[in-house]
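S.K.: Here it is, the structure in full.
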Amino acid sequence: MADRIRVLCVDDEAVLLEMGKEFLEQSGEFSVDTALSARAALEILNKKSYDAIVSDYLMPEMNGIEFLKRVRATDKTTPFIIFTGRGREEVVIEALNNGADFYLQKGGDPVVLYQELTHVIRQSVVMKRTLTTLEEQEQRYHDLQNANDLIQSVTPDGHFLFVNKKWLDTLGYQEQDLQKLTIFDIIHKESLKHCMETFQRVISGENVGIIDATFKDRAGKKVYVEGIANCKMVEGRPEYTRGIFKDVTERKELDAALKESEARYRNVVEDQTEFICRFRPDGTFVFVNDAYCRYFNKKRDEIIGKLYITNIPEEDRAGVAANIALLTREHPVGTTSNRVILEDGRKRWHQWSNRAIFDEAGTLVEYQSVGRDITDLKEAEQELLRKNEDLNAAFEELTATEEELRHNYEMISQKEQALRESEEKYRLLTEITDDVIYMIDMMGMITHISPRITRYGYTPEEVISRNFTEFIAKEDVTKVVADFKKTVSTGKSMVTTIRIRDKAGNLHWMEDNGAPVLDSSGSMVALSGILRDVSGRVKAEEALRESEETFRAMVEQSGEGIIIVNFTGMLQFANNKAWDIVDYPTDKRITETFNVLDIVSPGMRLNAVADFLKVSRGIDSFEVTYKIITFNKDERWVECIGKKISFRGLPAMLLSIRDITQRRKTDEALRENEAKFRTIFDNSPYPISINSIPDGKFIEVNAAFLKSSGYVEAEVLGKSPVELGLLSLLDFGKLSGHLLLSGKLENVPMVLRGKGEIGVHVQFSTIPITINNRSAIMTMAAEISKLKRVEEELLQKNEELRAAYEELAGADEELRQNFDELSKKEQTLRESEEKFRALVEHSLDGILITDFTGNLLFANQAAGRIVDVPDIEQGIKKRNVLEFIAPEDKSRILHDFSQVAQGIDSYPVNYQVISASGRQIWIEAIGKRILFQDSPAILISMRDISSRKNMEVAMLRANKQLNLLSSITRHDINNQLQGLNGFVELLHAKMPDPSFEDYFTRITEASDQISAMIRFTKEYEQIGVRAPEWHDIRKLADNAGKDVKTGKITLKNDLPANTEVLADPLIARVFFNLVDNAIRHGGKITKIHFSFEVRNGNRVIICEDDGDGVTKSEKEKIFDRGFGKNTGFGLSISREILDITGMTIEETGKPGKGARFEITVPEGHYRTTAR
């Protein structure tokens, strides 16, 4: 039992679980537990582990994929097998993507099925058990070492067994240090007592929860940690502890700093003598400090919630508000000075420093302001201005005198100090300077050298009394001697660069600054100088020259304009591409007098100046677009990116410029075209729609479409014309076929049925378009109902005119009879008016007359009953119908009023109405423009259709439930059938009695028949669901031969290549049924032959065989459902599939010579394609 594979099987069908358990356990290799739902299985898995899990897909509450996800959230390794009757490809892909190990489809022979399941379980379990390798163990060790937490293992006496890299890095120890350390050596003294007590509790086996402690690193610095620790116990004794800790030092320090900062902020704000306040963008105070309250002599509650502007005189408010409004995210701080009004009416001057606060999204949150009273300062300013002029004159005179005295004193002091320090400086200079100081006589012999000569391997003694040329590079001797002679002859100082050779023979670049030494008579007696090592500088200069040459070459060859300007806009440098962009003449490309702001369009110059200011502050590398005026007066658009740099020692800006004029023109043209299309689409009086291909679902419709169809946009989008009932499936198939054949439709007559089920005559025009890289069609439908009516009326008028002409001969007699008839008509009119009034008053429909704004002029009793107003005179009259219309329908009824006012009337509409008692009801109404009391008005007939609406909702809900029930029922019956077949196989294996064999066979045949019936219901649901498509008939026949096991029967396919028919996607099932039926029922059949004929303008596809054929009496019966040797559903479904696009099928073979099926394809539903 210990070696048996533990399996958990999950299915909502108890019979399948029992059968599966029986099959799997009969070999003794498996131990199977079962669960009737995924939730029950999860509860079992919380208590027990398994070697493998086998789960159904379609289960209530939680399906197999959701169950798989829940398992994989905590268990990544246990093999998980999806075992279901659902074989859809997307289900398989989703299962494998979410961690399923195998996918098996139920159905077929139970013995074979469960043998395969047994193999899959065994294979997956063996695979899992072999995956625990040394590599995994090494990975776990690697994970511990590289964890972000401090991990440690400690013996009961406190010595370390293991610490990870994070532990060592955080505390500053090396691995070899651990031998000398104990846990208490790394605990800070402030936490030592607490940690010792906690450690004792841990090694006693207690769960101490979260541990807060203070470690110390190798330097003694505090390291705050928090974590958990437990102890490995063996036979009740502690073996070692394991601890995981997180370094929270930064958080602790931040918390402490935050508390300190908050306390300081609170003290500063409340103790501040200046006024501090905060207010929202609408000007409402949300905070003021005590100083503000004391100044205005008000309590804080009296200020919070009030507007800050109320304290400011009216004449100053606009200026203050304008200054506040200038604060932006880029420039959030500003200062204002304004007057305020105190409680006693006095006006005082304030100065405020304001800051605008924005959130991360750039939305203004509030303003924070700090202010003070500057009234005294303002008053003192005037006094200071008056005294300033007097003081300025006296100050200038005093300054001049003082400056002269100070200058004289400084000259004397400087000379005295220079005399004292000169000698000392010279002495120190020679000792501490890194430069070499020398002196040579007139013969070139070195008479003095400073100690720094030792840097080059010489002692001063080795150099003195030798000629200086001995130390110069051979190549430089001639030049250096010439310079020496020039200095001797002219007596002038000279700075030059030479190379000297050190004692090891290496050359060093030196800067020589030599000057003549004169005696008291002014004659030159020696040469003194300083040698400075500039080898590094010389190399850097050479590298800089190379870099500059490379940069210049890159800039000059760049495809973008590159310029350098200072922050006033003056051009410092420009490459040729930049000059080309602004059309500057080649012979006049001078930078000194050119300001780039001069070519920026005047309307954008301020923007450019603002961008210059941003870059000067270091806010750079952002993209901007300007319009510029070239030197040829052309307008161009450029895209720029600026970067702050240093150029020739001064701040400057490097600009990269790209000409985007053409791109911008293209974008503008595109936007203009889109706007034109949108205007035409939205305002067209003709219904226009855009539909996806091939399903025909509406992507977008215009207002005229919604008006003519009676639907709202939400009801239309995402549905096809067939789903809305606008077109029958047959009409939709015809239109799709014409469109696929010709590529477009022009003025195709058709009858559309709108929401009111009223047929409308239209002419369709359709063209293919592309939207968001997807193929679609745009359809415009011109209503021709009125044209049809006009045609009929013209015919009728013609007949009436002919009759009138014939009656004209007898006009005399008619005139004589007119008086009598007029009297009769007058009487008839009075009677008609009475009948109309009685009809209106006693009508079951509500009758209203309104003006074109909705004001009620008349209403009958039925209208009052509909809106729960019993007293029609008081309750409805002198009111507006809009008072009873639900808010969401008010815009529609106003639009309909406007239509009727224009003479567009007599069409039914539905509105939601709120009755006087508050009931929400649906009404159907028809409006007609009339004259009432000699003024234009609207006659409205309405009826309550709430019951009908409720019935429609109920029918939709019922239809949805029926579809769901059908799917669930098929699934459940299949599961029961599978259980039945499985138990029959088990029973057959346990009772191998030949006398029962006939019963077993009959049970199996009945089960197969039921299964076929279920498959038929599933297939029948799919017919007509998708739009017709073009299918290659030769490939259909080839595929049918591949899908059916033909054995020794030959299938010959003479259908022409590249010939296609327009049919429902299930046409492949038709070809399969023809081949399958031939093999099943053909008897002595040896071959099946597909051929093609042209007959009476149609195309005929022929499938014939050489079998027994079909008797004359059965030629039509074979297309009835349920007829035949099997289920009889195949040919029945085939006929319905073909009928969708107008194709027919009949059997024309001769009995005894084979069956012959002819499929007739009507004209327009076939085509030949070029390959």
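The values are calculated or read from the model by the stated rules, or taken from the named source; none is laboratory data. Keep in mind the model is a prediction, meaning the values are calculated, not measured. Cβ coordinates were reconstructed from backbone atoms using ideal geometry, including for glycine residues, and neighbour counts include every protein chain displayed.
S.K.: Among the residues of region 44-58, how many are buried (at least 22 other Cβ atoms within 10 Å of the Cβ) and within 19 Å of GLU13 (Cβ to Cβ)?
M.R.: 5
S.K.: Determine if region 733-744 includes at least one residue that is among the polar types (S, T, N, Q) and either in a loop (DSSP other than H, G, I, E, B) or under 22 Å from ASP682 (Cα atoms) (or both).
M.R.: no
S.K.: When you scan region 283-328, how many residues do you find that are without any contact (Cβ under 8 Å) to a residue 12 or more places away in the chain, closer than 30 Å to LYS614 by Cα and in a helix (DSSP H, G or I)?
M.R.: 3
S.K.: To continue, here is another question. Select from region 278-306 the residues that are polar (S, T, N, Q) and under 29 Å from ARG329 (Cα atoms) and write down the one among them that is nearest to the chain's Cα centre (by Cα).
M.R.: Among residues in region 278-306 that are polar (S, T, N, Q) and under 29 Å from ARG329 (Cα atoms), the one nearest to the chain's Cα centre (by Cα) is THR284.
S.K.: Test ASP682 against the stated conditions and say whether it is charged (D, E, K, R) and surrounded by 13 or more Cβ atoms within 10 Å (Cβ to Cβ). Even if it seems obvious, please write down each step before you answer.
M.R.: Values: charged (D, E, K, R): yes; surrounded by 13 or more Cβ atoms within 10 Å (Cβ to Cβ): no.
Criteria not met by ASP682.
S.K.: I'd like the full set of residues that are in a loop (DSSP other than H, G, I, E, B), over 13 Å from HIS1081 (Cα atoms) and of a type outside the set (Gly, Ala, Ser), limited to region 1094-1109. Give the derivation first.
M.R.: As a first pass, look at region 1094-1109 and keep what is in a loop (DSSP other than H, G, I, E, B): 1096-1097, 1106-1109.
Adding the requirement that they be over 13 Å from HIS1081 (Cα atoms) leaves 1096-1097.
The one that is in a loop (DSSP other than H, G, I, E, B), over 13 Å from HIS1081 (Cα atoms) and of a type outside the set (Gly, Ala, Ser): ASN1096.
S.K.: On to the next question. With THR591, THR568, THR550 as the choices, which residue is at pLDDT 85 or above and either loosely packed, with under 13 Cβ neighbours inside 10 Å or in a loop (DSSP other than H, G, I, E, B) (or both)?
M.R.: Matching residue, one of THR591, THR568, THR550: THR568.
S.K.: Another one. Considering each residue of region 301-310, count those that are on the phi < 0 side of the Ramachandran plot and modelled with pLDDT of 90 or more, and give that number.
M.R.: First pass over region 301-310, keeping only residues on the phi < 0 side of the Ramachandran plot: 301-304, 306-310.
Now restrict to residues that are modelled with pLDDT of 90 or more: 301-304, 306-307.
Result for region 301-310: 6.
S.K.: Residues to consider are ASP905, ASP896; find the one that is under 28 Å from VAL760 (Cα atoms), touching a strand residue (DSSP E or B) at 6+ places or on another chain (Cβ under 8 Å) and assigned to a helix (DSSP H, G or I).
M.R.: Values: ASP905 fails: assigned to a helix (DSSP H, G or I).
Testing whether each residue is under 28 Å from VAL760 (Cα atoms), touching a strand residue (DSSP E or B) at 6+ places or on another chain (Cβ under 8 Å) and assigned to a helix (DSSP H, G or I) leaves just ASP896.
Here is a yes/no grid of residues against (1) out of contact with any Asp or Glu (no Cβ under 8 Å at 6 or more places or on another chain); (2) more than 30 Å from HIS331 (Cα to Cα); (3) among the charged types (D, E, K, R):
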| position | (1), (2), (3) |
| --- | --- |
| THR568 | yes, no, no |
| PHE573 | yes, yes, no |
| ILE641 | no, no, no |
| SER646 | yes, no, no |
| LEU650 | yes, no, no |
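S.K.: Identify all residues within region 220-231 that are free of Cβ contacts under 8 Å to residues at least 60 places away in the same chain, under 50 Å from the mean Cα position of the chain (by Cα) and surrounded by fewer than 19 Cβ atoms within 10 Å (Cβ to Cβ); write none if there are none.
M.R.: LYS221, LYS222, GLU226, ILE228, ASN230
S.K.: Would you tally the residues in region 648-671 being of a type in the set (Lys, Arg) and exposed (fewer than 12 other Cβ atoms within 10 Å of the Cβ)?
M.R.: Qualifying residue count, region 648-671: 3.
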